[in-house]
Amino acid sequence: MFQQLMKQVTELTIDTEERLKGVIDLIFEKAISEPNFSVAYANMCRCLMGLKVPTTDKPGITVNFRKLLLNRCQKEFEKDKDDDEIFEKKQKELDAASGEEKQRLLEELEEAKDKARRRSLGNIKFIGELFKLKMLTEVIMHDCIVKLLKNHDEESLECLCRLLSTIGKDLDFEKAKPRMDQYFNQMEKIIKERKTSSRIRFMLQDVLDLRRNNWVPRRGDQGPKTIDQIHKEAELEEHREQMKVQQALISKKESGRSNLPQDEGWNTVPISTKNRPIDTSRLSKITKRETAPTPPPPQTPTKPALTEEELDKKSTAIIEEYLHINDMKEALQCVQEMNSTQLLFVFVRQGLESTLERSTIAREHMGLLLHQLIKTGTLPTQQYYKGLQEILEVAEDMAIDIPHIWLYLAELITPMLHEGGIPMGQLFSEISKPLIPLGKAGVLLVHILTLLCKGMSHKKAGTMWREAGLSWKDFLPEDVDVNKFVTEKNVEFTLGNESEKSKKKELSSAELTKQLDRLIQDKADNQRIFDWIEANLDEQQTNSNMFVRALMTCICQSAIICENPYKVDSEQINQRAKLLQKYLKDEQKELQALYALQALMVEMEQPANLLRMFFDTLYDEDVIKEEAFYKWESSKDPAEQQGKGVALKSVTAFFTWLREAEDESDNS
């Protein structure tokens, strides 16, 4: 159901700020009116996090989904203040009225208050789910807690308990402890006053105990169990019962050797050998068995090995979650935790099957996950081949229902050729085995090579082909003319004809930013980004200010840690330093990069200390040199004055330190 809903939303044309606001308003209203589905709506917001659209009033500047979502949260809180004013006005009308009119106004006021309270609780529940997905900051959550503590009605207090049980651990860090202490002192006061029902008092006490226990619950989550969990628990229980029986039998036998049998509910059947022939050859074996020490009972495994069926179900869950939230690190960890290396072909097969008829992005993401599993050593190459082969063997039959299956398979396989994956020679030879008899190997390889050349130059792809010692005649039917096939399919570069087919298309600033942003979000290494730039941009484009600014913006955005306050991920800048250094060739390019960073700060409404942290990191990583910093400081370019005053003030300490360091260097 969720997938269908997400598909409908992603198919919408969301290309303006007004439309994006409309989508957010719609999700908010649904989440507030249907609080039982707030988890699903929060996940939907997580899936839409990457959406960016141009602003209405500032051409050339984009606004993202997250910023508009924060604005919507703020708007919902402000609505409560408006409601209070309306209630105050209605209360005055009620006080002035009499008789039937007074009764009517009283009912209206109570109904309006009840409706507003339910809306407020629905809003807080939804905001809590957004915070759990790391989409909102602690500040908003503190506002929610204050608001719930202010209302002493039971619904608000119950909501408070559920909220703190879920997110309390994330809020209760050293800096926020005084504030958290205030909340919990107030909760203790509510318990002592005994003005609420015993049920609510017990709930409040449970949250107090939870905090005293360092947010470790006394018992696990007692939520509803899935059918899989129930079956698994039943199997474990059955296994434990069998172990008890085995141990009872063993102890019974041991005691039976030295003592008279005792009646403990077990009946032994006497065995008569009167009329039974005896096989003397087995006597030695019987003797050995009697004298051998009793083997210890088999150990219960700490984690039962997964069957193929169980692994298939787990794989489906991991893949679905990964495709929805695109958290590579989490997906890799989940696959490792399955601890079923010899059955991982099931995961590969499930990943390919479940994405064949989805979007291009879903297939690319699945391909990238499989590449990372190979790169990290979690997925053995043979398990990858085995899972892939199961799909390739039936691909021709599937082509009846999926006409573009060879392109779709290529989208899933191509990421494996990235650095750290499988070498081209080995990969192409292996995937062609089931396809050569069908005459389809060449078709698939052409699609893979075509996609590969979108991320690297034809020259590099051709070199990879030749260095792998590959030859088209090994993949094509005997009656096919190789030269004609290569020409028709535009893969002459594999034969050493290096000339690029045509002049590279000039990308707009928005298109360029979108492509670079996507590569960085996919955690592409620097070489892969170099290759993409070489394949898609000519020298004139890479020397342009537009390119430098787009690259700087994308890298800096990816390095912002969305906490309160914002921080810079210096490791991310360190990883991308070589990429920036390659294209920031001179002082002028470095200046353009600083202008791009200034514009990003303006777009983010000048967060405190963030520009200073960026300046420190860029200087430490030798991305921007002193001369460029000084040139930016003294620049009077009228096109770059927006936010310059605030920016300069925020980095005063940086320039003071820079000059002092320079003076010390000169003196020494």
Q | Ellipsoid equivalent to region 402-504 - semi-axes via the Cα gyration tensor, in Å | A | 19, 17, 14
Q: Quick one: plug the Kirkwood hydrodynamic radius of region 1-45 (C-alpha pairs) into Stokes-Einstein at 10 °C, 1.306 mPa s, and report D in µm²/s.
A: 144 µm²/s
Q: Grab the Cα-Cα distance for residue 327 and residue 358, subtract it from 0.36 nm times how many residues apart they are, and report the gain in nm with one decimal.
A: 9.3 nm
Q: Show the residues, 5+ positions off or on another chain, whose built amide H is closer than 5 Å to the amide H of residue 568.
A: 561
Q | Fewest-first ranking of 38, 471, using other Cβ atoms within 10 Å as the exposure measure | A | 471, 38
Q) Magnitude of the Cβ-charge dipole of region 1-213, K/R +1 and D/E -1, about the Cα centre, nearest 20 debye? A) 900 debye
**Q.** Virtual spin-label span in nm between residue 636 and residue 567, 7 Å along Cα→Cβ
**A.** 4.1 nm
(Q) For 340, 315, which order do you get if you count the other beta carbons within 10 Å of each Cβ and list the fewest first? (A) 340, 315
Q) Length gain on complete extension for the stretch residue 390 to residue 114, per 0.36 nm per residue less the alpha carbon to alpha carbon distance? A) 93.5 nm
Q | Cα-based convex hull, region 1-213, per residue volume (Å³, whole number) | A | 175 Å³
Q) Roughly speaking, what is the stretch gain from residue 307 to residue 659, that is 0.36 nm per residue apart minus the C-alpha to C-alpha distance, in nm to one decimal? A) 120.1 nm
Q: Hey, can you grab everything whose amide H is under 5 Å from the amide H of residue 63? Only 5+ residues off in sequence or another chain; H modelled, so Pro and N-termini drop out.
A: 53, 55
**Q.** Value of Rg to Rh for region 509-666 (Rh from inverse mean 1/r over Cα pairs, i.e. Kirkwood)
**A.** 0.95
Q) What's the exposure ranking of 10, 196, going from fewest to most Cβ atoms within 10 Å? A) 10, 196
Q: Calculate, for residue 70 and residue 471, the FRET efficiency according to 1/(1 + (r/R0)^6) with r their C-beta to C-beta distance and R0 51 Å; round to the nearest 0.05.
A: 0.35
Q. What percent of all Cα-Cα pairs in region 308-494 falls in each 5 Å bin, counting up from 0?
A. 1, 8, 17, 21, 20, 15, 10, 5, 2, 1
Q.
Going through the cross-link list 132/375; 7/454; 125/147, which pairs have a Cα-Cα distance over 22 Å in this structure?
A. 132/375; 7/454
Q. For region 328-337, what does the Karplus curve 6.51 cos²θ - 1.76 cosθ + 1.60, with θ = phi - 60°, yield as ³J(HN,Hα) per residue in whole Hz, taken in order and with x for Gly and Pro?
A. 4, 4, 5, 5, 4, 5, 5, 5, 4, 5
**Q.** Residues listed by number, region 546-563, amide nitrogen under 18 Å from residue 620 label point at 7 Å toward C-beta
**A.** 556-563
**Q.** Check: region 1-114 dipole with +1 on Lys, Arg Cβ and -1 on Asp, Glu Cβ, in debye
**A.** 980 debye
Q. Rg and Dmax of region 444-602, Cα atoms, in Å?
A. 19.3, 67
(Q) I need the P(r) histogram for region 137-187: all alpha carbon pairs, bin width 5 Å from 0 out to the longest distance, whole percents. (A) 4, 20, 37, 28, 9, 2, 0
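Here, each number is a calculation from the coordinates, and none is a lab measurement. None of these values were measured; they are calculated from a predicted model. Reconstructed Cβ throughout: ideal geometry from the backbone, glycine too, with neighbour counts over all protein chains shown.
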